[in-house]
1. For the chain, what is the Kirkwood hydrodynamic radius in Å, using each pair of distinct C-alpha atoms?
2. Please identify every one of the GluC sites (Glu not before Pro) in region 1-85 that sits in a loop by DSSP and has no more than 16 other beta carbons within 10 Å of its own beta carbon.
3. Show the residues, 5+ positions off or on another chain, whose built amide H is closer than 5 Å to the amide H of residue 36.
4. What is region 56-128 by shape, rounded, prolate or oblate, if you read a ≥ b ≥ c off the alpha carbon gyration tensor as root eigenvalues and call it rounded for a/c under 1.5, prolate for a/b larger than b/c, and oblate otherwise?
5. What chymotrypsin sites (Phe, Trp or Tyr not before Pro) in region 66-170 are in a loop by DSSP, with at most 15 other Cβ atoms within 10 Å of the Cβ?
6. Can you give me the long-range amide H partners of residue 4? Hydrogens built in the peptide plane at 1.01 Å from N, cutoff under 5 Å, separation of 5 or more residues or another chain.
7. Would region 1-106 count as rounded, prolate or oblate if I go by the C-alpha gyration tensor, calling it rounded below 1.5 in a/c and otherwise prolate when a/b exceeds b/c, oblate otherwise?
8. Between residue 24 and residue 106, what is the FRET efficiency for a Förster distance of 25 Å, r being their Cβ-Cβ separation, to the nearest 0.05?
Amino acid sequence: MSCAVLVYGPIGSGKTCTCLSLAERVRAEGVPVGGILSIRVHQDGELIGYDGLDPASGQVFPLVRLRGQVKSPDWFVFGRLIYAFSVPGFKRANRILTRSAEALNRPSIVFVDEFGRLERAGQGVYPGAVKVVEALRGVGVGVAVFTCRTDMVEAVEELVRGKARCMFGVEPGEVEALWCRVRGCVGLNI
């Protein structure tokens, strides 16, 4: 059955690490993996932003940088956030999510990392997240894994409600326990 999983917690709690480990575990079972993961970028030991990772291809591309790190018009700012956001990076991320949504008509797992304030305002990876959620509506199997901070859980639940047949939230951590919960959704016997 189609399923949406919310991996939620504060900054640095391991949401993306949990998804990376789950992606490896899922791939080992032969289940296709897609979507977008946001991996941290450090410079001289300091967090300067996030890159997008396409788990299907392994390709990495810039998504988010500290405002002072970018000078190009290809970047935009949002409110008082300390980061700038890559216009081409988010276009690419949304194309990846749209392509990944099409794969949800068969056993697969798609990651949407991370649904935040930008997405709540209809920007960032929001268009791709909508495509993923809409794909859950009609599929027999397929799992969408959303990461978000705790204060964004309600926004993701509202986006997903009525589309996936199953929805549950977990805090980052036990990948094997999470895998046991989602494997039935992708048609693998426990």
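1. Hydrodynamic radius (Kirkwood, Cα pairs) of the chain is 16.4 Å.
2. Working: sites: 24, 29, 46; in loops: 29.
Passing sites in region 1-85 are 29.
3. Placed amide hydrogens put 111, 112, 113 under 5 Å from residue 36.
4. The shape class here is prolate.
5. Passing both the DSSP loop test and the Cβ count: 78.
6. Sorted by chain and number, the residues that satisfy this are 144, 166, 167, 168.
7. Details: a/c = 2.12, a/b = 1.62, b/c = 1.30.
The shape class here is prolate.
8. Once rounded, the FRET efficiency stands at 0.80.
The numbers here are math on the coordinates, done by the rules we state, and not lab data. Note that the coordinates shown come from a computational prediction; the quantities given were computed from them, not determined experimentally. Counting neighbours? That spans all protein chains shown, and the Cβs are built from the backbone with ideal geometry, glycine included.
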